[in-house]
1. Let me have the 222 nm mean residue ellipticity of chain B computed from DSSP H runs of 4+ only, each contributing -39500 (n - 2.57), with the sum over all residues rounded to the nearest 500.
2. If you line up the long axis of helix B:86-96 against the longest principal axis of chain B, both from Cα atoms, how many degrees apart are they, to the nearest 10?
3. If you average the alpha carbon positions of the range B:1-44 and of the range B:196-232, how far apart do those two centres end up, in angstrom?
4. Report, for chain B, the % of DSSP beta bridges that are antiparallel, rounded to 5.
5. How high is the relative contact order of chain B, in percent, with contacts defined as C-alpha pairs under 8 Å that are six or more residues apart?
6. What angle, in degrees between 0 and 90 and rounded to the nearest 10, separates the Cα long axis of helix A:166-176 from the longest principal axis of the Cα atoms of chain A?
7. Would you kindly derive the ³J(HN,Hα) couplings of the range A:196-204 from the backbone phi angles with the Karplus curve 6.51 cos²θ - 1.76 cosθ + 1.60 (θ = phi - 60°), listing them in order in whole Hz, with x for Gly and Pro?
8. On C-alpha positions alone, give me the angle between the axis of helix A:272-281 and the longest principal axis of chain A, in degrees, nearest 10.
Number of protein chains: 2
Amino acid sequence: MTKIAILGSGMMGSALSMPLADNGHDVHLVGTHLDREIIDSVKATGYHTTLEIDMPETVQAYQLEEAEQAFDGAEIVASGVTSFATHWAADQLSKLLRPGQVFVMVAKGMEADDDGNLSILPDVLASRLPDDLRESVPVNAIVGPSIAGELAARRHTCVMFAGRDQAALDRLTETFAGPYYHVWTSTDIIGSEICAALKNCYALGSGFGDGVINRDGVDPDYRWRNFNYEAALISQGVIESRQFVELLGGRPETAEGLATAGDTYVTAKGGRNVRVGRLLGAGMRFQEAWEQLDHITLEGAEAIKQIGGALPTLTERGLIGEQDMPLLRHLYDVITEKRELDMPWKTFFGGQRPYLPPEAVSLKGAKA
Amino acid sequence: MTKIAILGSGMMGSALSMPLADNGHDVHLVGTHLDREIIDSVKATGYHTTLEIDMPETVQAYQLEEAEQAFDGAEIVASGVTSFATHWAADQLSKLLRPGQVFVMVAKGMEADDDGNLSILPDVLASRLPDDLRESVPVNAIVGPSIAGELAARRHTCVMFAGRDQAALDRLTETFAGPYYHVWTSTDIIGSEICAALKNCYALGSGFGDGVINRDGVDPDYRWRNFNYEAALISQGVIESRQFVELLGGRPETAEGLATAGDTYVTAKGGRNVRVGRLLGAGMRFQEAWEQLDHITLEGAEAIKQIGGALPTLTERGLIGEQDMPLLRHLYDVITEKRELDMPWKTFFGGQRPYLPPEAVSLKGAKA
């Protein structure tokens with residue numbers, strides 16, 4: 001039996017309790033200041049108010065001010081804190097982590113500096129830890145298609161645990177993996193995190209598909225939807241993800257399967273990113289759409305701003321060509337309201353071979 | 001203006017009329033013996049009874065017995081005939097094609113011989129043409145995420161035209177491509193067709209996700225579905241497709257994007273393959289499910305039988321390892337009723353690293 005402390009009792013942090021508790025481990029779930037009601041409810045009745053599921057009886061819930069007690073003696077520490085609070089999580093963990101613990105996080109995203117240098121969030125978090133912890137606590141990440149509520153409902157879920165230290169990954173795997181939680185490991189944490197961050201961007205874009213036919217006045221019950229559109233964006237997303245992985249020194253094969261096709265599939269199935277994509281596709285400006293959604297946190301929009309915003313600098317530095325990443329560039333222009341939605345189809349998939357418009361075809365002989 | 005004859009006025013054959021007619025071409029649409037009512041209706045009112053859409057006024061409809069007249073002088077010939085009737089289509093085309101025409105088909109699938117040798121349908125069709133036609137008419141294929149009704153509704157659609165002759169592909173592109181029909185070309189027809197055939201197999205499998213939670217009595221309105229399950233199968237499908245492309249001499253990069261992630265996405269969005277997958281996931285035997293669906297033609301089930309059935313021979317011949325293609329092997333076992341559905345999760349993604357079950361973890365020290 002291993003003792004595990006989880007910081008953050010949102011959907012995914014809490015869902016990780018299920019395979020751990022079912023494996024017989026001692027799970028201490030610590031809410032952030034935003035999770036106060038969830039923790040109150042779990043303490044009182046075991047019911048998780050946002051997952052809408054009963055937590056396993058052995059899971060012990062703690063408010064943030066009880067974190068030190070909850071973390072005491074933990075061998076493994078997990079963070080379910082959202083990507084927007086990565087700096088906050090690092091500050092908390094700087095006080096709570098102990099040398100020798102193994103750490104794993106679920107937040108996905110990237111941060112860009114002014115030169116367009118992109119950092120994955122596990123590295124951002126690690127860089128903010130005190131030196132002794134940074135050297136002694138391996139930082140790992142969970143990626144792959146995993147809707148928290150489905151994991152909490154004990155549905156089959158296949159994920160990748162990524163990190164730089166295989167021994168730490170093996171320790172995590174033997175603790176987390178079980179009959180419905182299927183775990184693979186990858187030492188390509190760079191490639192894994194890039195794909196995880198980008199899939200939110202492309203899933204947001206896939207929402208345009210439904211939006212544009214709403215804008216065009218197509219009856220919501222009309223038989224023919226816009227899946228061809230969505231599929232094309234998802235496909236281009238896979239291509240751009242792979243190129244990004246190569247650019248930042250990850251392994252191209254990381255961009256196959258779970259990290260791209262699979263994770264974009266579940267993300268495109270619903271959630272906030274797709275909802276804002278739908279509103280943008282229907283012709284709304286981003287600020288307007290964001291207001292309509294009550295300023296909810298949008299990981300996809302933030303990732304588009306961070307990663308898409310770095311593209312011009314990366315292009316100036318000659319690291320990518322002007323024709324590279326056309327979809328992410330367009331998503332950036334739409335999100336930042338620099339340009340209206342006008343999908344650059346012809347630039348996809350490496351660009352179309354030039355072809356003559358129909359009216360020119362009959363003149364072909366004359367032109368030659 | 002180019003004259004194009006289309007054999008088969010089912011959904012996809014007919015949908016191809018839209019970009020062609022909108023480009024100003026002269027489209028002659030010929031029904032098979034199964035399309036009699038559709039052609040009668042298009043002739044009478046322009047209404048296509050299965051697409052439920054009005055055809056462009058310039059499209060001329062023909063019954064099968066008028067095919068010779070319809071084909072006379074066509075520069076380009078397309079076939080929308082289903083994969084199950086590929087031999088029939090070849091027989092018809094043997095009479096109708098003329099040297100110098102460019103041919104393109106939409107049927108997807110593969111045929112296996114007794115040694116497990118797999119042939120793509122364009123090659124099966126070409127092999128049944130008279131020698132002079134086989135040498136003078138390039139056979140091409142359309143692949144990629146394209147729901148026929150959406151194309152017919154003039155929705156943005158990105159596809160790949162694949163063939164061995166770039167000049168023929170360019171001729172097709174300049175004829176078909178337009179403002180909403182976005183065309184790329186690939187000379188890797190082998191890889192393109194393999195992915196197109198396999199995506200039907202994996203999309204069928206993705207239907208299990210919904211089926212198994214129905215079997216388990218989960219309320220159809222319950223918030224947490226089984227998308228993690230579906231995403232994992234789609235991801236493993238991408239991995240197996242790529243390996244298959246390499247095995248049969250295609251280019252691995254063909255298995256990225258449109259041909260796998262994109263095409264599986266639209267196929268998993270609905271249709272017959274997913275419906276039978278759902279019934280199988282819910283615990284029905286294949287024959288029972290097929291009966292419930294009134295013995296509809298199931299391209300996915302047929303592809304699983306043909307390609308999955310070749311796997312043991314390919315393994316015996318040492319061309320693939322026993323651990324390769326575990327998902328396709330299991331789909332074959334389920335479809336042929338050799339085994340009940342019991343997803344071999346641990347064999348996915350190259351196989352999980354061995355890990356100790358929880359009860360063994362505490363004995364680790366003692367064991368070492």
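1. Working: 20 runs with 169 residues, N = 368.
Rounded to the nearest 500, it is -12500 deg cm²/dmol.
2. 20 degrees
3. Taking the Cα centre of each part, the range B:1-44 and the range B:196-232 sit 35 Å apart.
4. Details: 8 of 33 bridges.
Around 25 percent antiparallel, to the nearest 5.
5. So the answer I get is 14 percent.
6. It is inclined by approximately 70 degrees.
7. These are the phi-based 3J(HN,Hα) values: 5, 6, 5, 4, 5, 5, 6, 5, 4 Hz.
8. The answer is roughly 20 degrees.
Values in this text are rule-based calculations from the coordinates and carry no lab data. The model shown is predicted, which means the values in this text are computed figures rather than measured ones. Because the Cβ atoms are built from the backbone with ideal geometry, glycine has one as well, and the counts that use them run over all protein chains shown.
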